[in-house]
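The values are calculated or read from the model by the stated rules, or taken from the named source; none is laboratory data. The structure presented is a predicted model; accordingly, all values stated were derived computationally and were not measured. Ideal geometry is used to build each Cβ from the backbone, glycine not excepted, and the neighbour counts take in all protein chains shown. Quick note on the areas: whole protein, heavy atoms, side chains included, nothing else; ligands and nucleic acids left out. Shrake-Rupley method; radii C 1.70, N 1.55, O 1.52, S 1.80 Å.
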Amino acid sequence: MLTKSNPDEIQSFLSDASHMRDGRAERVVFPERAEEVAEVLRGATRAQTPVTVSGAGTGTVGGRIPFAGIVLATDKLKQIRSIVHEEPGGSAVAEAGVRLSDLQRFVESENLFYPPDPTERSCFLGGTVATNASGARTFKYGPTRNYVQRLKIAFATGDVIDLRRGELHADAGGRIEIPLISGRSIEAQLPTYQMPQTRKHASGYYVAPEMDVLDLFIGSEGTLGVITEIEVALLPRPEGLLSGIVFFKAESSVLSFVSEARDRSLTNRRPRDGEVGRLGPLIEKALEVSVRQTGQPIVSEDATSNAIDARALEYFDSESLRFLRQKYETIPVDAVGAIFFEQETTPTTEDSLMTDWLSLLEQHHALADNSWFATNEPDQAKLREFRHALPVLMNEWFARHNQRKVSTDMSVPDEAFPGMLRFYQDALQASELRYTIFGHIGDNHVHVNILPRNDDEATKARDIYLRFVKRAVEVGGTISAEHGIGKLKRDYLRLQYSEDHLREMAALKSAFDSAGILGRGNIFDESYL
Ligand SMILES: Cc1cc2nc3c(=O)[nH]c(=O)nc-3n(C[C@H](O)[C@H](O)[C@H](O)COP(=O)(O)OP(=O)(O)OC[C@H]3O[C@@H](n4cnc5c(N)ncnc54)[C@H](O)[C@@H]3O)c2cc1C
């Protein structure tokens, strides 16, 4: 097994997109099979050496940054093992180190579709499962969790399990028992908190009454085991796509447009009689998870729908547009906000859907003539690039000003969102700090990025961040909707959950990893172990 310890060679494994500083490790190991992962973990437990699991390092909360011990890199677990067609969709089996963009390209070449789409697609599949990643398409399709059917996981003890959705459930008292090949079993108690009723959630371990044990590992941020192989459900590839970046002259028009597009989409995608049952067992299992988690069915045969049903609704405020103008000079000068939308089409629905969207835009006073629309793949890629450019431009800004990102990832329940957005805007305008607000408005989940120019402003930014977190929790929201907690946000998790809940999480982790070697410092402070 390849091992690197030369400081120059391992440097890139000591950071991630959070830009947390001072990461350090003795060495980085690159196992090529689950058995090698197990061997590393067994040895590390014996020697009590901390192990930090590394994906592609696109995480924004310091989850893969080590502060001692070794890094277990998943880069060499990079095989796509199989794709199975099962009308109308299918499934794929891939190792943890497969790049999401590679998996998606491969799946699409088979005329299938894997919906999870974090904006940064250079991440690894294993990283997306460990963080329950989501993205723009989550508005229609839900997060990564909905598609995970089976996981191969290596535990700190060196035991490896292959767990399929539906095989193991928690009992009514929240106890779980996982039989191991050795004849032993792992017994653990789930934490007693209730997860917030938001459309997205990635803060702490997933818990639900009598839940599928598979769900515990999705979003566990490298603390319970190392995911080595993943089977995901696939949908049929949509035939066509209509996308647009549409600009508005008034903020109130942006919000009224979103509200109507959102309501019509949610109404139109309710399952119609006889619809469930036609989708194939794998997809239906994925949909069941979504319904349980969000209370919202995502079922639709909507590649063929002729009604407005956005799969993505993404927001850019006026400050975001100011940022983007550095790169995109053609953004209309009078635009103060924009929405990126996508809707799936077929050759027969494309024209009528375009007419519907244009009429909706007109009704909400969009700058339709100066907006951008795309119906073919190259143009669509340019629009997605526009969406991706914003976090990238901001990351460059932080690096230039030698400042750490102050960036929110909260989402709140539907009814709380308008008030939350006003709260963000009022506080930020009063602060005179530079900021942007953008992101997944369809899921009540916008990212506020505060851009401090010096250390004083950074202190002020962190105070405002804290006020935002408190308000999100007060209105029933989650402190992380998609990026996870990692090391950067663990202190804020205390505002979401009580001390007892944090101890329950730590006790759960200890049941899998009694020496506390895996993902130390992720989700909760090491002192809880
Ligand atoms: C510009 C930009 C935009 C982004 N947009 C989004 C977005 O829209 N939605 C979103 O959800 N995220 C987004 N992210 C965050 C990031 O891309 C996701 O969190 C992604 O899932 C991380 O994957 P990774 O492979 O890079 O994981 P890493 O950063 O390497 O690791 C993330 C965490 O997962 C653990 N881990 C990794 N692999 C495994 C494994 N095989 N087994 C167990 N634990 C493991 C690590 O220990 C760590 O705790 C964005 C990031 C950037 C930089």
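Checked against (1) surrounded by 23 or more Cβ atoms within 10 Å (Cβ to Cβ); (2) modelled with pLDDT of 95 or more, residue 142 passes all but a single condition, namely (2). Of all residues in the range 393-404, exactly one satisfies the criterion of being exposed (fewer than 13 other Cβ atoms within 10 Å of the Cβ) and in contact (Cβ under 8 Å) with a residue 24 or more places away in the chain, namely 399. Would you be able to say whether some residue in the range 29-39 is within 21 Å of residue 516 (Cβ to Cβ) and among the β-branched types (Val, Ile, Thr)? Taking every residue of the range 29-39 in turn, at least one turns out to be within 21 Å of residue 516 (Cβ to Cβ) and among the β-branched types (Val, Ile, Thr).
Matching residues to (1) over 29 Å from residue 64 (Cβ atoms); (2) of a type in the set (A, V, I, L, M); (3) away from the ligand (no atom under 16 Å from the Cβ); (4) crowded, with 17+ Cβ neighbours inside 10 Å:
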position: 183; (1), (2), (3), (4): yes, no, yes, no
position: 197; (1), (2), (3), (4): yes, no, yes, no
position: 216; (1), (2), (3), (4): no, yes, no, yes
position: 236; (1), (2), (3), (4): yes, no, yes, yes
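Would the range 162-175 turn up any residue that is within 24 Å of residue 36 (Cβ to Cβ) and within 13 Å of the ligand (Cβ to nearest atom)? No: zero hits. Out of the range 292-322, which residues are at pLDDT 50 or above, hydrophobic (A, V, I, L, M, F, W, C) and crowded, with 20+ Cβ neighbours inside 10 Å? Selection gives 308, 310, 312, 313, 316, 321.
Can you confirm whether residue 524 is open to solvent by 10 Å² or more (accessible area, probe 1.4 Å) and among the hydrophobic types (A, V, I, L, M, F, W, C)?
Judged against the criteria, residue 524 is not a match.
Looking only at the range 81-94, which residues are free of Cβ contacts under 8 Å to residues at least 60 places away in the same chain and either open to solvent by less than 70 Å² (accessible area, probe 1.4 Å) or touching a His at 6+ places or on another chain (Cβ under 6 Å) (or both)? Break it down into steps so the answer makes sense when it comes.
The first filter runs over the range 81-94 and keeps only residues free of Cβ contacts under 8 Å to residues at least 60 places away in the same chain, leaving 82, 84-85.
The one that is free of Cβ contacts under 8 Å to residues at least 60 places away in the same chain and either open to solvent by less than 70 Å² (accessible area, probe 1.4 Å) or touching a His at 6+ places or on another chain (Cβ under 6 Å) (or both): 82.
So residue 45 ticks every box in (1) touching a strand residue (DSSP E or B) at 6+ places or on another chain (Cβ under 8 Å); (2) outside any loop (DSSP other than H, G, I, E, B); (3) surrounded by 18 or more Cβ atoms within 10 Å (Cβ to Cβ) but one. Which box is left unticked? With (1) touching a strand residue (DSSP E or B) at 6+ places or on another chain (Cβ under 8 Å); (2) outside any loop (DSSP other than H, G, I, E, B); (3) surrounded by 18 or more Cβ atoms within 10 Å (Cβ to Cβ) applied to residue 45, the lone miss is (1).
Does residue 97 satisfy being more than 7 Å from the ligand (Cβ to nearest atom), open to solvent by less than 20 Å² (accessible area, probe 1.4 Å) and assigned to a loop (DSSP other than H, G, I, E, B)? Please lay out each step first, then the result.
Values: more than 7 Å from the ligand (Cβ to nearest atom): yes; open to solvent by less than 20 Å² (accessible area, probe 1.4 Å): yes; assigned to a loop (DSSP other than H, G, I, E, B): yes.
The answer is yes for residue 97.
Residue check: residue 529 meets all listed conditions (1) under 22 Å from residue 219 (Cβ atoms); (2) surrounded by 16 or more Cβ atoms within 10 Å (Cβ to Cβ); (3) in contact (Cβ under 8 Å) with a residue 24 or more places away in the chain but one, namely (3).
Within the bounds of the range 141-155, is there any residue that is under 24 Å from residue 385 (Cα atoms), within 15 Å of the ligand (Cβ to nearest atom) and outside any loop (DSSP other than H, G, I, E, B)? Steps first, please.
Step one: filter the range 141-155 for residues under 24 Å from residue 385 (Cα atoms), giving 141-144.
If we keep only those that are within 15 Å of the ligand (Cβ to nearest atom) as well, we get 141-144.
Checking the rest, the ones that are also outside any loop (DSSP other than H, G, I, E, B) come to 141, 144.
Within the range 141-155, one or more residues are under 24 Å from residue 385 (Cα atoms), within 15 Å of the ligand (Cβ to nearest atom) and outside any loop (DSSP other than H, G, I, E, B).
Within the range 377-392, residues that are closer than 13 Å to residue 341 by Cα sit with their Cβ atoms under 8 Å from residues that are of a type in the set (Val, Ile, Thr) and within 12 Å of the ligand (Cβ to nearest atom), at 6+ positions apart or across chains, in these pairs: 387/119. On the stretch given as the range 61-94, residues that are part of a strand (DSSP E or B) and either among the basic types (Lys, Arg) or more than 10 Å from the ligand (Cβ to nearest atom) (or both) total 14.
Just one of the listed residues (414, 426) is at pLDDT 95 or above and acidic (Asp, Glu), and it is 426.
When each of 375, 345 is tested for being in contact with a strand residue (DSSP E or B) (Cβ under 7 Å, 6 or more places away or on another chain) and either within 16 Å of the ligand (Cβ to nearest atom) or open to solvent by 40 Å² or more (accessible area, probe 1.4 Å) (or both), the lone residue that passes is 375. Test residue 324 against the criterion of being in contact (Cβ under 8 Å) with a residue 12 or more places away in the chain and over 20 Å from residue 250 (Cβ atoms), and give yes or no. So residue 324 does not fit the description; no.
Just checking, how many residues over the range 103-140 are part of a helix (DSSP H, G or I) and either of a type in the set (A, V, I, L, M) or within 12 Å of the ligand (Cβ to nearest atom) (or both)? I'd like the intermediate steps shown before the answer.
Restricting attention to the range 103-140, the residues satisfying the condition of being part of a helix (DSSP H, G or I) are 103-109, 125-130, 138-140.
Those left that are additionally either of a type in the set (A, V, I, L, M) or within 12 Å of the ligand (Cβ to nearest atom) (or both): 103, 107, 125-130, 138-139.
Total meeting the criteria: 10.
Conditions: (1) outside any helix (DSSP H, G or I); (2) surrounded by 14 or more Cβ atoms within 10 Å (Cβ to Cβ). Residue 22 meets all but one. Number of the miss? It is condition (2) that residue 22 fails. Note on the range 156-258: enclosed strands (runs of 3 or more DSSP E) holding 3 or more residues that are closer than 26 Å to residue 126 by Cβ are 160-164, 175-179, 185-189, 226-236. Applying a threshold of 7 Å to beta carbon distances and a minimum spacing of six or more residues, or different chains, the list of pairs starting in the range 4-16 at a residue that is farther than 13 Å from residue 66 by Cβ and touching a residue at least 24 places away in the same chain (Cβ under 8 Å) and ending at one that is of a type in the set (Asp, Glu) and open to solvent by less than 50 Å² (accessible area, probe 1.4 Å) is empty.
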